[in-house]
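The values are calculated or read from the model by the stated rules, or taken from the named source; none is laboratory data. The structure presented is a predicted model; accordingly, all values stated were derived computationally and were not measured. Neighbour counts are summed over all protein chains in view; Cβ atoms, including those assigned to glycine, are modelled from backbone coordinates with ideal geometry. Accessible surface areas use protein heavy atoms only, side chains included; no ligands, DNA or RNA. Shrake-Rupley method; radii C 1.70, N 1.55, O 1.52, S 1.80 Å.
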Amino acid sequence: MKKGWIIGGVAVVALCLVVGKKLMTPKQFAQGVSDPVVVAENPEIRDIELTSGLVGSVEPEDVVYVYPKAGGDVTAVNVQAGDTVKAGQLLCVIDTKQVESAKSSLDSAQLALRQAQEELSRQQVLYAGGGISEQAYQQYQDQVQSAQIQYNNAKTNYDNQVSYSQVTAPISGTVELCDVKVYDTVNSGNLLCVISGEGAKVVSFSVTERIRGNLNPGDQIRVEKDGKEYTGIIYEVSTMTDSTTGLFPLKARIDESLEDGSLPTGSSVKLYVVAQSADQVLSVPLDSVYYEGGNSYVYTYDSSSSTLHKIQVETGLNNSDYIEIDSGLTTDDLVLTTWSSELNEGTKVRLKGSTDTSTGTAEDQGTPDGQSGQGAPDANGQNAESASDITDQGAPEAQNADGTPGEQNEQDVSSEKSGQ
């Protein structure tokens, strides 16, 4: 039985050695499993932009604030917030207490003018017949001219008083605010209405001096409101700071159709502007850079030795995805983009998607003794036969003298027992 086990074990070992050319050795297999698999990529030349989020206020591009030109009691209001009006449309009527007085003055001036004209007509007949002198006739002409001037002044005053009492829309647009009611008493300092024009909406916002240096008229910004995005075009960049905030005011025109009222006047919006930018710079993924002792570094993959190298780099601008590399790398380097707890200088790794030449395979290295189809040497220095030879031949002591199997084994067992 023991001999059978020995023969079977030899056969298994020999079989493993025969197919050894197609498998890694145990040492190679263990090494291959233990080496971490990493992903690496070459640095690329790209533009990097750093955006800043700000808060802005929506305004109409054309907006008019309507105030009364004279005080009085409001007798009629013809519009309300949300109405669309045309230029010259009547908004409200104010009893200024001056219209009736102006109308009386106008009537008096008109009567005086008519009387002066009639008198001039009578005197003209006399003057033609030589009844009055030329000097007297000139006086009647002067009276008519004076009456005409008084009438013109009275007419202008009356028209002004009427316009003061009848407040009209100066532009066409939408009534954003109507803060007046019938029977209200108003004066020239009370805001009556706010009318936004039919043009585009604008966003007003403020930035620091650093951000302002990167913004110019014509630059695009991104505006967000209630999950919707709009594109804005900067058209006004102030060169002076606001005395209250110390920031630079800017305005951007919304480049979208807003007929649905999605950006109401006065509402707050989130907007994004380019705070800093770097054009066509060498960059790597942001997560590839590590920091230690105030220095930044990356790991590169050495394909000749399948090892890692810790490279110190100088970095520049970064956004949420990429970081600028000022020195330390070239576009030919392979920079690790995956993290592992085993990242160290000289660490053996396997690059994902490539053949591991450090461990190789049996097809690459061959058998230990360099011979094809031969087993490992036995105790006498002879090569063991292949597994197929051992399997085909069998063991001589496992046969009877006449060649039949089995009986000799039983005799051997009996003799062994009797000899004990």
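Quick notes on this one:
- Relative contact order [Cα under 8 Å, 6+ residues apart], region 116-212, whole percent: 19
- Cβ-derived FRET efficiency at R0 35 Å, Glu198 paired with Ile45, nearest 0.05: 0.15
- Amide H contacts under 5 Å for Tyr235, placed H, 5+ residues apart: Gly218, Lys251, Ala252, Arg253
- A cut-off of 5 Å between modelled amide H atoms, ignoring neighbours fewer than 5 places along the same chain, links Asp62 with Gly197, Gly199.
- Carbon + sulfur, % of accessible area of region 36-98 - ligands and nucleic acids excluded, 1.4 Å: 46
- The residues of region 43-129 have, on average, 58 Å² of accessible surface per residue, using a 1.4 Å probe with all protein chains present.
- Fraction of accessible area attributable to carbon and sulfur, region 155-272 (%, probe 1.4 Å): 44
- Computed FRET value (nearest 0.05) for Tyr290 with Asn214, which takes r as the C-beta separation and R₀ as 30 Å: 0.55
- 5 angstrom amide H check on Thr241, placed H, neighbours 5+ away: none
- Gain in span if fully extended, Lys310 to Glu345, counting 0.36 nm per residue against the direct Cα distance: 12.1 nm
- Take Asp333: with every protein chain present and a 1.4 Å probe, its accessible area is about 50 Å².
- Around Asp287: net Lys/Arg minus Asp/Glu count, Cβ-Cβ under 13 Å: -2
- With R₀ set to 22 Å, the beta-carbon distance separating Asp279 from Ile233 gives a calculated FRET efficiency near 0.60.
- Computed from label points 7 Å out along Cα-Cβ, the spacing between Asn187 and Arg122 is 5.0 nm.
- In Hz, Karplus ³J(HN,Hα) per residue of region 118-135 (6.51, -1.76, 1.60; θ = phi - 60°; x = Gly, Pro): 5, 5, 5, 5, 5, 6, 5, 5, 5, 5, 5, x, x, x, 10, 7, 5, 5
- Virtual paramagnetic centre 7 Å along Cα→Cβ of Leu90, amide N under 17 Å, in region 146-179: 159-170
- Excluding ligands, DNA and RNA, the accessible surface per residue across region 187-257 is 54 Å² with a 1.4 Å probe.
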